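J.: This is the structure I have questions about; it appears just below.
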Amino acid sequence: AGRVIRRIRWFVQKNAPVKAPMDVNQAILNAMAFLNDAIDRMEVRLSMDLDHGIPEISADMVQVQQVLINLGRNALDAMQAVEPETRCLEFATRMTAGSEIAVTVSDTGPGIAPEIRSELFEPFVTTKPEGLGIGLAICRSLIQAHGGEMKALPREGGGTSFRFTLPAASAP
């Protein structure tokens, strides 16, 4: 297991982000192409609260989209445990007071058990019976490689919000 994680970390570090100016809102819309079928099939309501006034970020578009797709898929998996009429997946973007762009992916699933919340980003920690527990660890590594941070928070009203920040490429 340790060798697998070391190999994944080597892969992530060896393939350092190819940064270019990009619109994070567009990255979210691009990632939606991979999630739309599952959203429709599961009868999930989609909410997009995107701030179109935020500046671009300097990032690797493919890596940011990988993070968004993984967070979206995890949210959809979590919401299988709740009634279809309560399922909502939300993507939001905001400028922070520290001139960073915050991206939040929220779901209305059952939430994360408190006993694993502190270990959630550790390798091989999973809530899925068939999960490997490496997706969130890789996501956090990718965000950190871009100079950002990622955390999971309980969502008001139930569910979970994953929030990551990335530095803005320029001042707003």
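J.: May I ask you to compute the full-extension gain from Asp49 to Ser118, defined as 0.36 nm times their residue separation minus their alpha-carbon distance, rounded to one decimal in nm? All intermediate terms of the calculation are to be shown ahead of the outcome.
T.: Details: separation 69, 0.36 × 69 = 24.84 nm, distance 2.77 nm.
Using 0.36 nm per residue and subtracting the Cα-Cα distance, I get 22.1 nm.
J.: Compute, for the stretch 13-103, the length of the dipole vector about the Cα centre, with Cβ point charges of +1 (Lys, Arg) and -1 (Asp, Glu) only. Units Debye, rounded to 20.
T.: Working: 7 positive and 13 negative charges, 65 e Å.
My answer is approximately 320 debye.
J.: Between Arg73 and Ala20, what is the FRET efficiency for a Förster distance of 30 Å, r being their Cβ-Cβ separation, to the nearest 0.05?
T.: Details: r = 25 Å, r/R0 = 0.84.
My answer for the efficiency is 0.75.
J.: I need the Debye-formula profile for the stretch 11-89: one equal scatterer per C-alpha, no solvent, reported as log10 I(q)/I(0) at q = 0.11, 0.15, 0.16, 0.17 1/Å, two decimals.
T.: These q points yield log10 I(q)/I(0) values of -0.35, -0.61, -0.67, -0.74.
Only the coordinates and a few stated rules stand behind these numbers; no lab work does. Keep in mind it's a predicted model, so treat the numbers as computed, not measured. Please note: Cβ atoms are built from the backbone with ideal geometry, for glycine as well, and neighbour counts cover all protein chains shown.
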